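The values are calculated or read from the model by the stated rules, or taken from the named source; none is laboratory data. Please read all numbers here as calculations on a predicted model, not as lab measurements. Here the Cβ positions follow ideal geometry from the backbone for every residue, glycine too, while neighbour counts run over all protein chains shown.
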Amino acid sequence: MNNVRTSGPLPVPPQVAEASAQGIISHRSDAFRALLPEVLDGLRPFFGTRAPILPFTCSGTGGMEAAVVNCLAPGDRVLAVSAGHFGDRFAEVARCYGADVTVHQVPWGTAPTAADVAEALRAAGPVRAVLLTHNETSTGVLAPLRELCVAIRESSDALILVDGVSSVGAARFDMDDWGVDVAVTVTQKALMAQPGLSLIATSRRALRVAHEGGQRRYYFDFPRMAAAVEEGTTTYTPAVAVLQGLRAAVGMLRAEGPERVFERHRAAAGTLRQSLLELGMTPAADAWCASPTVTAVHLPDGVGASGVRRALEREHGILVASGRSAWKENTVRIGHMGAFHAAEIEDTVAALGRVLGTTAFPRREVQAPGGHA
Ligand code: PMP
């Protein structure tokens, strides 16, 4: 079987596969009324919230769209902070629904700082919401989300909407403490389950805003979903099998403990980065903001990502992801999220080294990755 080192979807642990194959139940049954709160409560330490967590049957992009249609009305002024492909997407979704979006573009490979965001907010003037990406999967960069939220809160009462698609479940996320209003994640990445659900934590304030305004919407309505979840069900038919699998996955993550889960990801990212540097390769992210879940690495001049990916798969049975947008052809991305073993990461670097014949590359100085969570 292939060793899948992409940024998701990822193979799920056998316990998760078994749990999701145990037989479909109705979302109006007692069994479901037991399942749903168990899963959602189990996720609380990973979102860092006591606020409602809403399960919508859609991908992460659907979750971003849900955040936008519930919190923003046409014409609302928005600051979107983008450090890559997915930050751009969040801005585009808001623009698509008529928001007046100012994009604060951060160079690819680094993260926005609190000072950057404070300055961008000053320049933008009053805004209804700030859109942030916690972990920019296209560049392998983790933003210092706590600091960004503190900087925003110091000067603004804007809603803070966060794409946590590739961070929640793998990196510390303290929604309530940090003052995040909406946090979006998915089942198919760090949460180790199949694709099919977006999990959206919504502050009381976001629910109030949604109740009073936002956009015309039906399926994605937060207040109605929150009311259904209180009753132990969902507004419409959810991806039941995915929730059953997620129950097992969340059980595994809870048994390991959030701190150990975060440390396992940080350690894998650090080891991978060091191995790449020792092989003379260039991790694309600055060390201080290196992601704990995905590492993008620039390839030597003239070496194309598609050829490297094909060779890795053919010769070593290892799947990695290509770069996105501007980095499509000169970058590959190695995922280390969810259920991985350190040995698989080591095998991936060793195979990449063999494919590239790296012995000829100059050595680079090794820097430790950033310690912020
Ligand atoms: N945001 C981020 C940070 C992502 O990594 C992804 C998926 N790679 C998405 C949004 C979009 O998620 P989906 O493909 O599930 O719509």
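Of note:
- A count restricted to the range 173-185 and to residues that are over 16 Å from Met64 (Cα atoms) and either within 16 Å of the ligand (Cβ to nearest atom) or in the same structural domain as Val261 (by TED's automatic domain parsing) (or both) stands at 1.
- Tally of residues being surrounded by fewer than 16 Cβ atoms within 10 Å (Cβ to Cβ) and over 18 Å from Ser198 (Cα atoms) across the range 17-49: 13
- The condition of being over 30 Å from Cys96 (Cβ atoms) and within 16 Å of the ligand (Cβ to nearest atom) holds for only one of Val12, Val16, that being Val12.
- Here is the figure for the range 102-155: residues that are small (Gly, Ala, Ser) and surrounded by 24 or more Cβ atoms within 10 Å (Cβ to Cβ) total 5.
- Residues located in the range 309-334, provided they are touching a Leu at 6+ places or on another chain (Cβ under 7 Å) and closer than 16 Å to Leu272 by Cβ: Leu312, Ile318, Val320, Thr331, Val332, Ile334
- Val162 of a type in the set (Val, Ile, Thr), within 15 Å of the ligand (Cβ to nearest atom), in contact with a helix residue (DSSP H, G or I) (Cβ under 8 Å, 6 or more places away or on another chain) and within 21 Å of Glu38 (Cα to Cα): no
- Each residue in the range 205-220 was checked for being away from the ligand (no atom under 16 Å from the Cβ), at pLDDT 95 or above, touching a helix residue (DSSP H, G or I) at 6+ places or on another chain (Cβ under 7 Å) and not aliphatic (A, V, I, L, M), and 2 of them qualify.
- Within the range 253-282, residues that are at negative phi sit with their Cβ atoms under 7 Å from residues that are among the small types (Gly, Ala, Ser) and part of a helix (DSSP H, G or I), at 6+ positions apart or across chains, in these pairs: Arg254/Gly42; Ala268/Ala342; Thr271/Ala342; Leu279/Gly353.
- Sole residue being at pLDDT 95 or above and outside any strand (DSSP E or B), chosen from Leu148, Leu161: Leu148
- Subset of the range 101-123 [of a type outside the set (Val, Ile, Thr), out of contact with any strand residue (DSSP E or B) (no Cβ under 6 Å at 6 or more places or on another chain) and within 16 Å of the ligand (Cβ to nearest atom)]: Trp108, Gly109
- Residues within the range 46-70 that are more than 15 Å from the ligand (Cβ to nearest atom) and under 25 Å from Phe32 (Cβ atoms), tallied: 9
- Here Thr133, Thr185, Thr202, Thr235 are screened, and the one residue that is closer than 23 Å to Met252 by Cβ, hydroxyl-bearing (Ser, Thr, Tyr) and at pLDDT 95 or above is Thr185.
- Any chance Leu148 is in contact with a helix residue (DSSP H, G or I) (Cβ under 7 Å, 6 or more places away or on another chain), more than 11 Å from the ligand (Cβ to nearest atom), under 25 Å from Gln188 (Cβ atoms) and not assigned by TED's automatic domain parsing to the domain that holds Cys289: no
- When restricted to residues that are touching a strand residue (DSSP E or B) at 6+ places or on another chain (Cβ under 7 Å) and part of a loop (DSSP other than H, G, I, E, B), the range 170-185 contains 4.
- Considered as a group, the residues in the range 124-145 that are closer than 13 Å to Ala80 by Cα and not in a loop (DSSP other than H, G, I, E, B) include one that is nearest to the ligand (Cβ to nearest atom), and that residue is Thr133.
- Some residue of the range 186-201 being more than 16 Å from the ligand (Cβ to nearest atom) and either over 18 Å from the mean Cα position of the chain (by Cα) or not in a loop (DSSP other than H, G, I, E, B) (or both): no
- Within the set Arg254, Arg205, Arg247, the sole residue that is of a type in the set (Lys, Arg), touching an Asp or Glu at 6+ places or on another chain (Cβ under 9 Å) and either surrounded by 22 or more Cβ atoms within 10 Å (Cβ to Cβ) or closer than 28 Å to Ala21 by Cα (or both) turns out to be Arg247.
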